[in-house]
Amino acid sequence: MRALFSNRLDAGRQLAGALSSYSARADALVLALPRGGVPVGFALAEKLRLPLDIFLVRKLGVPGQPELAMGAVAGGGVRVINTEVVRELNISAEEFEQVAGREQQELERRARLFREGHSQLDVRDRIVILVDDGLATGSTMRAAVRALRSAVPREIIVAVPVGAAPTCDLLRSEADHVVCLATPQNFVAVGQWYEDFSETSDEQVTELLRRSRRHTPAIA
């Protein structure tokens, strides 16, 4: 099995090739999911000459089963509730609020840290390219798409370098378009397709956002 990408920056540059028709469009922008999606989004935005911002979303894991999503919180106070999971597992309103409150605090911490006082880019009536470093279960990306809808973009394009084929197919019922550059048959985890899949730090996210703002001040 051979890695497809040397690192996340390389993955973003390769992904840009599939999205070249959006290059330098005044009505388009890139939103990346922190942390791992930000280097991918940075390289993509740089190649396409588009403004870059983050889209903060936190999955709400079921108490005792954190990998199972019962909903999500996103910027602007947006909440997405997976009513089927909540009902099936008989999760009380108190339990839900406890998890939601904790994740909302973390989301607000990241917003302060990453944005450094800058306002979120306005997505209303614009084409939004929503980026992550890959799709495994896709639960966070699905929550992001649903939350982003409330900001009324004209079009949401989910774009990832690599993903599990069933997950990429599932996202097509949520987003307007889905670009999965590679959907390997023997997909197990996102990291297996990168030579370097080391963790992206808060400091790296902040620095890449600073660099992107300097490169595209007129567009952003």
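The values are calculated or read from the model by the stated rules, or taken from the named source; none is laboratory data. In this text, all values refer to a predicted model and were calculated from it rather than measured experimentally. All Cβ positions, even for glycine, are placed from backbone atoms using ideal geometry, and neighbour counts span all protein chains on display.
Condition check: among the basic types (K, R), within 16 Å of the chain's Cα centre (by Cα), surrounded by fewer than 22 Cβ atoms within 10 Å (Cβ to Cβ) and modelled with pLDDT under 95. Does R2 satisfy that? So R2 does not fit the description; no.
Scanning for something out of contact with any helix residue (DSSP H, G or I) (no Cβ under 8 Å at 6 or more places or on another chain), at pLDDT below 95 and not acidic (D, E), does region 180-188 turn up at least one residue? There is at least one residue in region 180-188 that is out of contact with any helix residue (DSSP H, G or I) (no Cβ under 8 Å at 6 or more places or on another chain), at pLDDT below 95 and not acidic (D, E). Pairs meeting the criteria (first residue in region 93-114 and touching a residue at least 60 places away in the same chain (Cβ under 8 Å), second residue outside any helix (DSSP H, G or I) and surrounded by 13 or more Cβ atoms within 10 Å (Cβ to Cβ), beta carbons under 7 Å, at least 6 apart or on different chains) are R110/P34; R110/L56; F114/P34; F114/I54. Of all residues in region 84-133, exactly one satisfies the criterion of being more than 30 Å from P39 (Cα to Cα) and of a type in the set (K, R), namely R87.
Whether a residue is surrounded by 15 or more Cβ atoms within 10 Å (Cβ to Cβ), of a type in the set (V, I, T) and either under 28 Å from S21 (Cβ atoms) or under 16 Å from the mean Cα position of the chain (by Cα) (or both) was assessed, and V78 passes this test.
In region 193-217, the residues that are closer than 21 Å to L113 by Cβ and touching a residue at least 40 places away in the same chain (Cβ under 8 Å) reach residues that are acidic (D, E) and in a strand (DSSP E or B) with C-beta atoms within less than 8 angstrom, at least six apart or across chains, in these pairs: L209/D53. Quick check: anything in region 152-175 of a type in the set (D, E, K, R) and modelled with pLDDT under 90? Taking every residue of region 152-175 in turn, none turns out to be of a type in the set (D, E, K, R) and modelled with pLDDT under 90. Here the condition is being surrounded by fewer than 18 Cβ atoms within 10 Å (Cβ to Cβ), assigned by TED's automatic domain parsing to the domain that holds G12 and in a helix (DSSP H, G or I); of D125, D169, it holds for D169 alone.
Being closer than 25 Å to S20 by Cα and not in a helix (DSSP H, G or I) is a description that applies to V152. The residue list S198, S139, S212 contains one member that is closer than 14 Å to V40 by Cα and either at pLDDT below 95 or in contact with a Leu (Cβ under 6 Å, 6 or more places away or on another chain) (or both), which is S212. Within the set F197, F187, the sole residue that is over 19 Å from the mean Cα position of the chain (by Cα), assigned by TED's automatic domain parsing to the domain that holds G12 and not acidic (D, E) turns out to be F187.
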